[in-house]
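S.K.: Quick one: the structure is below, and I'll ask about it shortly.
The values are calculated or read from the model by the stated rules, or taken from the named source; none is laboratory data. Predicted model, so just to flag it, every value in this text is computed and none were measured. Because the Cβ atoms are built from the backbone with ideal geometry, glycine has one as well, and the counts that use them run over all protein chains shown.
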Amino acid sequence: METLFIDKEIKYTGVQLSPHWIYKNFHIMGNAVVCFIGECDVDLSHMVDIEDVINNEPIYSKKMLNIIEENFDSSLINAVYKQRLLVTIAKELIEKINPDIKIIRNGDDLYINNKKLSVSIATKSITSTLIHFGLNIDAKGAPVNAADLVTDAKIVDIKDFAIQLINEYKKETDDIILAASKVRGVN
């Protein structure tokens, strides 16, 4: 799996959660994870989570760390497993950087002091599975009671945190593949 931190701000609108967006924009073919910082504004027309559409709950964050993953060898169920793994690694990394911060994970959501730190979704396209995971950097204007990486999680260097996060995630997913390939099948 290839990884990339994109050093320019990109507004996340939900359009980025589409097949080959990474390849078309950053020339990374195959399984990949990219992350970038930018405003997050997903209206209901680009919402993938049908429950959010039914409940009329658009997503907004003034500034968010966005992570997009595309896989060409995964089922939707496996993509949800990978999504939960990514969320768990983010939780562990924040708590490792700042041991005084207590984060609660509920499914694919992270909370600090009952304030929502993240958004996430996994979906399937005709050619691949896709994951979006976003962590608020500046939660002002969010439609829910929201936490952010700077004020609540005390993360000082967002770029460094993002690179650590995708590298830890890549290491873990690569290790899972190695673990599966070293065992003998049984009858």
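S.K.: Is it fair to say K140 is outside any helix (DSSP H, G or I) and not small (G, A, S)?
M.R.: Taking the combined requirement at face value, the residue satisfies it.
S.K.: A further question follows. How do the pairs read when you match residues in region 154-177 that are aromatic (F, W, Y) with residues anywhere that are in a helix (DSSP H, G or I), using Cβ under 6 Å and keeping only pairs 6 or more apart or on different chains?
M.R.: Y169/L86; Y169/I89
S.K.: Here is a follow-up. Looking at region 107-127, which of its residues are surrounded by 22 or more Cβ atoms within 10 Å (Cβ to Cβ) and either among the small types (G, A, S) or touching a His at 6+ places or on another chain (Cβ under 8 Å) (or both)?
M.R.: Selection gives S118, V119, A122.
S.K.: Residues in region 49-56: is at least one modelled with pLDDT under 95, in contact with a Pro (Cβ under 9 Å, 6 or more places away or on another chain), within 15 Å of S120 (Cβ to Cβ) and assigned to a helix (DSSP H, G or I)?
M.R.: Among the residues of region 49-56, at least one is modelled with pLDDT under 95, in contact with a Pro (Cβ under 9 Å, 6 or more places away or on another chain), within 15 Å of S120 (Cβ to Cβ) and assigned to a helix (DSSP H, G or I), which makes the answer yes.
S.K.: Any residue at all in region 29-43 that's farther than 26 Å from D152 by Cβ, modelled with pLDDT of 95 or more and among the hydrophobic types (A, V, I, L, M, F, W, C)?
M.R.: Taking every residue of region 29-43 in turn, at least one turns out to be farther than 26 Å from D152 by Cβ, modelled with pLDDT of 95 or more and among the hydrophobic types (A, V, I, L, M, F, W, C).
S.K.: Could you please find all residues in region 63-102 being free of Cβ contacts under 8 Å to residues at least 24 places away in the same chain and either among the polar types (S, T, N, Q) or crowded, with 16+ Cβ neighbours inside 10 Å (or both)?
M.R.: Once the filter is applied, which keeps residues that are free of Cβ contacts under 8 Å to residues at least 24 places away in the same chain and either among the polar types (S, T, N, Q) or crowded, with 16+ Cβ neighbours inside 10 Å (or both), region 63-102 yields T88, K91.
S.K.: Right, something else. Cβ contacts < 8 Å: first residue more than 20 Å from P58 (Cβ to Cβ), restricted to region 105-120; second residue surrounded by fewer than 17 Cβ atoms within 10 Å (Cβ to Cβ) and among the aliphatic types (A, V, I, L, M), any location; separation 6+ or different chain. Result?
M.R.: I112/I104
Residue-by-condition table, conditions (1) surrounded by 17 or more Cβ atoms within 10 Å (Cβ to Cβ); (2) modelled with pLDDT of 95 or more; (3) not in a helix (DSSP H, G or I):
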| site | (1), (2), (3) |
| --- | --- |
| I104 | no, yes, yes |
| I131 | yes, yes, yes |
| G134 | yes, yes, yes |
| V144 | no, no, yes |
| D148 | yes, yes, yes |
| I155 | yes, yes, yes |
| N187 | no, no, yes |
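S.K.: Among the listed residues E168, E172, E95, which satisfies the condition of being part of a helix (DSSP H, G or I), over 23 Å from V15 (Cα atoms) and in contact with a strand residue (DSSP E or B) (Cβ under 8 Å, 6 or more places away or on another chain)?
M.R.: E95
S.K.: Can F161 be described as over 11 Å from S61 (Cβ atoms), modelled with pLDDT of 95 or more, part of a helix (DSSP H, G or I) and not charged (D, E, K, R)?
M.R.: When the stated conditions are applied, F161 passes them.
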